[in-house]
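The values are calculated or read from the model by the stated rules, or taken from the named source; none is laboratory data. Model, not experiment: these values are computed from the prediction. Neighbour counts run over all protein chains shown; Cβ positions are idealised from the backbone, glycine included. Side chains included, ligands, DNA and RNA excluded: accessible areas come from the protein's heavy atoms. Shrake-Rupley method; radii C 1.70, N 1.55, O 1.52, S 1.80 Å.
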Amino acid sequence: MHNATLTELSRRLHAKEVSSVEVAGYFLERIRAASTQLNAFITVDEEKTLAQARVADARIAQGGAHRLAGIPIAHKDLFCAKGWRTTCGSKILENFVAPYDAHVIERFNAAGAVILGKTNMDEFAMGSSNENSYFGPVKNPWDTRAVPGGSSGGSAAAVASRIAPAATGTDTGGSIRQPASFTGVSGLRPTYGRVSRYGMVAFASSLDQAGALAKSAEDLAMMLDVMAGFDARDSTCMERPKDDYVGGLARGVKGLRIGVPREYFSKDLARDVGEPILAAIDAYRRQGAAVVEVSLPNQHLSVPAYYVLAPAEASSNLARYDGVRYGHRAAEYGDLLDMYCKTRAQGFGAEAKRRILIGTYVLSHGYYDAYYLKAQQIRRLIARDFSEAFKACDVIMGPAAPCVAYDIGAKITDCVQMYLDDLYTIPINLAGLPGMSIPCGFGDRARPVGLQIVGNYWSEALMLSVAHAYQQATDWHTRMPAAFA
Ligand code: GLN
């Protein structure tokens, strides 16, 4: 059952070969068995999950239920889900129980999907390795010495180890695509504005976007179909009809123009990643796609710009954790100011504090023009580079990450090196574009490699069909870690 695609699970549920309660129970048991090895979940609540599964079974019995009805989905622990603890990987929200549902959760609930649990993540989605979680690091199912990537590392590890059929994630600077790459699963970050951010704990609001991690592009298409759509509660959510993501999967890649940026294959890219990426692009060529060289001349400015803009927005967004409204409050304090200071000193981890400090600094009088404004200008240049490139191609392909998953602890003391590793994902966020990562082979120490596919604005249907064409011709996406077979 754990290897079944969403399509297959849906078929079995609707044919009443299996009940939602059985499916949920099966995955809950797998989560329990893997919990000490992987630490992929922060919160599991069997009673709540099974209660929702019973409701789904009743809906399926009535007939006419949605195709995701009864399917358990894991959610990154920054989506508010009513009655569920929602921690965002932070001590400051350790005991916060969400009083309402995020838009994404509402949509899955409306379809009759079942909440399987809340997945581990870097604190406030700040990180690339999942080592910044207050709840401890997540392990990579392919090799538990390795990180799963971040910040949606719990979701990625859960899907890779088949302890969840699929999961949600968010991607502010690569947090869906990079962990998807590190764990050998498929991940989609939609265009900024495609999915409502309502009820998502905010990190950097002009970059945050919800998406999904699953075993295949086909599964991602089913999920996006549920998640996408206008929501007036998020002022940056676009009022724009969604496409037929599932129906459009089989369009093939004949005549597709694949842009490969000449800046991508530099000394920054590890050889064991570059080779499978080039082989994947070759496989597209054999299926009838044309490969053209494009250029993203300002790409090298994106990491420095992002690490000004994202902390600036974070410093503002995280100001709300003051110990008054909700979340942790220091047990002992003097006056009000002392309460703020102690609460925040105790509640935030080192990376969140670093970003609050950087963000406050770059927004302060006298530095605003030099850092924040400059970074905004660079952001515009990067978006313009992509617009130019998309005149010559339909999608851009390259690596999602410059290396395969590294060992836990290997980079945690050098945060700048970890930031620099985001070079392939961050430009897409700065431009607001959609991006995917799909498994395309293995690098050193048999650790997975992900191919990044970047589309123009609102082209998720095309991107999913491009990924699907590759998955019809190859079987990388069906490989799974032996320890969880
Ligand atoms: N690694 C990036 C960061 O630490 C991206 C995180 C994300 O996409 N949430 O900010």
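Here are some notes:
- Among the trypsin sites (Lys or Arg not before Pro) in the stretch 358-420, those located in a DSSP loop and surrounded by at most 15 other Cβ atoms within 10 Å of their own Cβ are Lys391.
- Label-to-label distance, Val291 versus Arg354, with points set 7 angstrom from Cα along the beta-carbon direction: 3.6 nm.
- Extension gain for the segment Arg271 to Arg85, taken as residue separation times 0.36 nm less the Cα-Cα distance, is 62.7 nm to one decimal.
- Solvent-free Debye scattering, log10 I(q)/I(0), computed from the Cα coordinates of the stretch 157-249 at q = 0.11, 0.17, 0.20 Å⁻¹: -0.30, -0.71, -0.95
- Its alpha carbons considered, the stretch 264-309 gives a radius of gyration followed by a Dmax of 14.1, 42 Å.
- Translational diffusion coefficient (Stokes-Einstein; Kirkwood radius from C-alpha pairs) of the stretch 145-200 at 37 °C, 0.692 mPa s, in µm²/s: 288 µm²/s
- The share of C-alpha pairs in the stretch 211-349 whose separation exceeds 23 Å stands at 67 percent.
- Calculated over the chain: convex hull of Cα atoms, volume per residue (Å³): 134 Å³
- Sparsely packed trypsin sites (Lys or Arg not before Pro) within the stretch 1-89, loop by DSSP, other Cβ within 10 Å at most 13: Lys16
- The stretch 132-249, relative contact order in percent, only Cα pairs under 8 angstrom and at least six apart counted: 22 percent
- Remark: the stretch 314-428 projects, on average over all directions, an area of 10.8 nm² (convex hull of Cα atoms).
- Size-normalised alpha-carbon gyration radius of the stretch 117-164, reference 2.2 N^0.38 Å: 0.98
- Added length on full extension, which subtracts the Cα-Cα distance from 0.36 nm per residue, Gln37 to Glu17: 4.1 nm
- Surface accessible to a 1.4 Å probe, per residue, for the residues of the chain, Å²: 36 Å²
- Spin-label model distance (nm) - Arg384 vs Ser235, 7 Å beyond Cα toward Cβ: 2.7 nm
- Nitroxide proxy distance, nm - points 7 Å out along Cα→Cβ at Arg251 and Leu373: 4.3 nm
- Within the stretch 226-322, trypsin sites (Lys or Arg not before Pro) in DSSP loop having at most 14 other beta-carbon neighbours inside 10 Å: Arg233, Lys254, Arg262, Lys267
- Accessible surface, 1.4 Å probe, highest first, among residues Phe203, Phe96, Phe230: Phe230, Phe96, Phe203
- Length released on extending from Arg262 to Ala485, taking residue separation times 0.36 nm less the Cα-Cα span: 76.4 nm
- Protein heavy-atom surface of the chain, 1.4 angstrom probe: 54% of the accessible area is carbon and sulfur, with nucleic acids and ligands not counted.
- Within the chain, longest stretch free of exposed GluC sites (Glu not before Pro) [DSSP loop, at most 13 other beta carbons within 10 Å]: 18-238
- Heavy atoms of Cys341: accessible area, 1.4 Å probe, square angstrom to 10: 80 Å²
- Reach of Lys254 by Cα under 13 Å, taken over aspartates and glutamates that are not fewer than 8 positions away in the same chain: Asp394
- A Förster radius of 25 Å combined with the Cβ-Cβ distance from Ser316 to Gln417 puts the calculated FRET efficiency at roughly 0.40.
- Computed over the stretch 77-183, relative contact order equals 20 percent, with contacts defined as Cα pairs under 8 Å that lie 6+ residues apart.
- Compactness of the stretch 230-303, expressed as Rg and Dmax over alpha-carbon positions, Å: 17.4, 46
- Rg then Dmax, both in Å and based on the Cα atoms of the stretch 1-105: 14.7, 45.
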